[in-house]
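To keep things clear, I will list the structure first and then write my remarks on it.
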Amino acid sequence: MALAPGLVVAVPVAAHRVVELDERVEIAPGPGTVALDGEREIERRRDAPVTVRPVRGPLTIDVDAVMRSAAANPTRARLPPG
């Protein structure tokens, strides 16, 4: 079976449960793809176990707030070297 954006197919689910933030979950060895957010795909070897740990995110930067702060505090704003 192929994995692609927008592809919707039925898949069997053996079990499910809530996974808490920062909880490590071991996924037994076996063939497959890890796609946690629908974007990143990690192919794994048949004999390779996988551990996942959900964290708070995504981390983002408020560009408007950064620019306002830089404009209000020009002595604190630094340009990268070069």
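Any read-out appearing in this document is the output of simple, stated calculations on the displayed coordinates, not a laboratory observation. Everything quoted here is computed from the prediction, not taken from an experiment. As a convention, Cβ positions derive from the backbone with ideal geometry for all residues, glycine included, and neighbour counts pool all protein chains shown.
Take 4-10, 60-66, 43-49 and order them by the average number of nearby Cβ atoms within 10 Å per residue, most first; the result is 43-49, 60-66, 4-10. Shape call for the stretch 25-72 from the C-alpha gyration tensor, a ≥ b ≥ c root eigenvalues: rounded (a/c under 1.5), prolate (a/b greater than b/c) or oblate? Since a/c reaches 1.5 and a/b is larger than b/c, the shape of the stretch 25-72 is classed as prolate.
Taking 7 Å steps out from each Cα toward its Cβ at Ala48 and Glu20 produces label points 3.0 nm apart. Full extension of the chain between Thr33 and Ser69 yields a length gain of 8.7 nm, computed as 0.36 nm times the residue separation minus the alpha carbon distance.
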